[in-house]
Amino acid sequence: MPRRTEPSPDEWSDAVSQLPIRTGTIASVARSGVGRGLMFSPAEWTRLRAYFRAEGRDPTDVELAALAQSWSEHCSYKSSKVWLKRAFRGLNPPKKVLGTGDAGVLVFDEGYAYAIRAESHNHPSAVEPYGGAATGIGGILRDVLAVGGKPIALADPLFFGPIDGTGEKLPKGVRPARWLMSGVVAGIRDYGNRVGVPTIAGSVSFDPSYSVNPLVNVACLGFLPRSRLEPNRADRVGDRLVLAGGLTGRDGIGGVAFASRELTSRSEDESRGAVQLGNPIMKEPLIHACLEAFDRELVRGVKDLGGGGLATAAGELAYAGGFGMTIDLDQVPVREDGLAPWEVWISESQERMILDVRPKDLEAVLAIFRRYDVPATDVGTVTAGPYEEVRWNGAPAGKLRLAFRVDPPLLTRPRRARRRTKRRTPGVPSDDPAALVEELLLAADSVSRESILRMYDHTVQGHTVVPPLHGRVESPSHGDAAVVRPRPESWRAIAATVASQPWTCREDPGRGAEWTVEEAARNLYAVGARPDALTDCLNFGNPEDPLVMGDFVAAVDGLARAARLLGMAVPSGNVSFYNEGMGIAIPPTPVLFATGLLDDLRHAVTSDLKTVGNRIYLVGRSSATLGGSLYARRRGVVGIPIPPTDPALVRRMGERLLGAMARGWVRAAHDVSDGGLAVALPEMAFGGALGFRVSLEATGLAGPGIALAAEGSSRWVVEVSADAGEVFERAMRGLPVRALGEVTEGGGELLWRSKSLATLHLHELYGRWSAGFDGLGRR
């Protein structure tokens, strides 16, 4: 018989305990002291029992803790990976996409690349908004760093319950939206500003469905020489595994298990310890030390320590290279005494990276980190596999087949499409257009975000050339995207934006997801950028519900269809399930962080009106359907059709617009989205401190009310130089383009068939709009 390699019972470290899962019922094991909180399903307990029966022993607490992290929904993507692979196959051509690891890496020019990734920190932010949001930023920075990128920009799409005092009484254990938003924004502000990375894009949305489970999504843009691209896999047997960065403590233990279940009224008290503690002052030198080690070609592979801590990061690094590993947990630098081996193994303490380093380069790497005053320790070795061996003070603490731990079986959960009964689109009264504009413009989803944006430093590092606020310093307004210039010696630039349409996705997940991609593309075209790529954060409810899985699959397919038609790569992404609790589930909420490239940033365009007498055009087809619109949401109207989508048409119109922008004909452009023309036109006027005179019948819709409130289909409002109107119209021939009006000195005059309907007092409206959330009712 072959010699067994398992430690005998008396060889295991005294610091570990074993759970007898080979005997007794699965239910009794799950209820036991060690079993509680591990979140294994009955089928997974059965699989564990079979494995350890074959191994002839029971598992240690170190092994079970690591398995629980690796098999969680958060780490394994076990419910989503099948559908993601099917939908996004073929969207990342090698001439465009250089890598799809911890972050997607795309070609910028011949010598440089850029990296993108989005992530969620929803559950932590629901129980501890400041720390949850701050560590979300910390984690997304590490994702980009783990592919060799220097983080150069951040984005933060956020979703909360009603902030204006509307809605039902909050369930027990749920905090008011304004309180949550204040903590989340402060956490993002303090972490991003202190680490020195600008926040240049984002959004804040409100809906009762986010009252229990707010969404805190974050995204990062990184930049790197193509020669610095780092793999997320071990390189060869004998390489050393170096743990670099912050010290290890008890914070964040069980974080991925917490993120893989629904919130309850007890979550704030029971799960606060699962929220990590951020340290941006450590993060900045960690970034610099890693980049120097990368540039000197001393690192052969790298992973960041996020969900599941060292167990997940080191395991995935070794397994991706086809190896095993040995880890000495007692060598891990700790923040406090008394940590058990399993706690050290799965702690999610922040600001940590695991590096694969050749033995000959070990001292040089450690010297770099000493110079930056960043802890770095040799904690293990890459082995031939197939096992991982974990030791504590030289004695065995765990030994598992690495494939068994880090690569669990994928699930094809039951899915079912929702039965949706569509009602007719309601009419929009036209008797008081000014009141309609005021209602939509001053809604919580429309008012100025300047109060938040001014908290974020969006100019640090000096790359931002088009900021998130467009227009005059005295009266800034919302733009569609920001633009960064990563290389000062080149005019080539990157535009970045976020997009989400949970309300249209609630009505129709597939077409709503297409609409979301179209919106991202429209935002990029509006500043003069050609859409290049997107990374997604897919926020959904409980995947064990067939209706939720039906929504998920439809949305993923819709995203892929639209991205393919728009020529956008999807090199990275994130899935966040279990966003529900206490009987309230979020709507399907795919959130996108999208990028576009400008060959010459001198052709960039902003949203603010520029010159009196210039012409105003509406580019795109108008649709009278109001499904998911701000107008419908404010009236609680659901079950009505959403506007049609046409990504191929968006691409044709956008390419023509880019040509017109390059010739200098287009002076301003703004995407028509939430609130329709009732919001888009005043925002353009605010930024330029100018006015407009527009004929609403140019939309082709039946009346002034619907012309103002309609949000579809994909459209832009474009300002064209007075002397370029005719050439612009010729250049756009064959596409849906209509003359809407002209730029004036002040006021917003709304016409219908040459008759003046109303004149908006834009100066007074700006004062109320710019008050932002302070002008809304408090809860």
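The values are calculated or read from the model by the stated rules, or taken from the named source; none is laboratory data. Source: prediction; values computed, not measured. Positions of Cβ are backbone-derived with ideal geometry, glycine not excepted, and every protein chain shown enters the neighbour counts. Accessible surface areas use protein heavy atoms only, side chains included; no ligands, DNA or RNA. Shrake-Rupley method; radii C 1.70, N 1.55, O 1.52, S 1.80 Å.
Gap in Å between the Cα centre of the stretch 569-601 and the Cα centre of the stretch 720-757? Each part's Cα centre sits 35 Å from the other's.
Model label sites at K169 and S754, defined 7 Å from Cα along the beta-carbon direction, differ in position by 6.0 nm. On a 0 to 90 degree scale, rounded to 10, what angle separates helix 546-566 from the longest Cα axis of the chain? Helix 546-566 sits at roughly 60 degrees to that axis. Close amide H partners of D239, meaning residues 5 or more places away or on another chain with modelled amide H under 5 Å apart, are V382. D for the stretch 269-369, whole µm²/s, Stokes-Einstein with Kirkwood Rh over alpha-carbon pairs at 25 °C and 0.890 mPa s: what number? My calculation gives 164 µm²/s for D.
Peptides 332-338, 608-614 ranked from most to least packed, by the mean per-residue count of other Cβ atoms within 10 Å: 608-614, 332-338. Would you mind giving the average projected area, over all directions, of the Cα convex hull of the stretch 31-111 in nm² with one decimal? Result: a mean projected hull area of 8.3 nm².
Taking the alpha-carbon centroid of each part, what is the distance from the stretch 386-446 to the stretch 492-565 in angstrom? If you average the Cα positions of each part, the centres end up 12 Å apart. Charging the Cβ of each Asp and Glu at -1 and of each Lys and Arg at +1, and nothing else, the dipole of the stretch 35-102 about its Cα centre rounds to 560 debye. Within a straight-line Cα-Cα reach of under 23 Å, K85 can be paired with the following lysines, leaving aside sequence neighbours fewer than 8 residues apart in one chain: K95, K96, K303. Among beta bridges from DSSP that stay inside the chain, the antiparallel ones total about 80%. Taking 7 Å steps out from each Cα toward its Cβ at A722 and A403 produces label points 7.4 nm apart. Would you kindly calculate the translational diffusion coefficient of the stretch 472-606, applying Stokes-Einstein with the Kirkwood radius from alpha carbon pairs, for 10 °C and a viscosity of 1.306 mPa s, and quote it in µm² s⁻¹ without decimals? Translational D for this selection: 101 µm²/s.
Surface composition of the chain: carbon plus sulfur atoms hold 49% of the accessible area, using a 1.4 angstrom probe and ignoring ligands, DNA and RNA. One equal scatterer on each Cα of the stretch 544-591, no solvent, Debye formula: the resulting log10 I(q)/I(0) at q = 0.23, 0.30, 0.33 Å⁻¹ is -0.92, -1.26, -1.36.
Annotation: per residue accessible area for the chain equals 36 Å², rounded to a whole number [probe 1.4 Å, protein chains only].
With a Förster radius of 45 Å applied to the C-beta separation of E655 and E363, the computed FRET efficiency comes to 0.25. Computed with every protein chain present, the accessible area of S695 is close to 30 Å² [probe 1.4 Å].
Each of P590, A555, P476 was placed along the dipole of the stretch 456-612 (beta-carbon charges, centred on the mean Cα), and the one lying farthest toward the positive end is P476.
Placing dummy labels 7 Å off each Cα toward the beta-carbon, the span from A50 to S227 is 5.1 nm.
For the stretch 109-152 and the stretch 66-106, compute the distance between their C-alpha centroids and round to whole Å. First find each Cα centre; the distance between them is then 16 Å. Each peptide in 65-72, 726-733, 761-768, 95-102 receives the mean, over its residues, of other Cβ atoms within 10 Å, and ordering these scores from highest gives 65-72, 95-102, 761-768, 726-733. How far is helix 362-371 tilted, in degrees, relative to the longest principal axis of the Cα atoms in the chain, given as a value from 0 to 90 rounded to the nearest 10? The angle comes out near 50 degrees. For the stretch 403-559, the mean projected area of the C-alpha convex hull, equal to one quarter of the hull surface, is 15.3 nm². Over the C-alpha trace of the chain, radius of gyration and Dmax come out as 26.9, 97 angstrom. Note the angle between two axes, namely the Cα long axis of helix 677-688 and the longest principal axis of the Cα atoms of the chain, as a number of degrees from 0 to 90, rounded to the nearest 10. The answer is roughly 90 degrees. Residue separation of R663 and V637 scaled by 0.36 nm, minus their Cα-Cα distance, works out to 5.0 nm of gained length. Here the stretch 469-488 is scanned for amide nitrogen atoms under 11 Å from the site 7 Å beyond the Cα of D109 along Cα-to-Cβ, giving 486-488.
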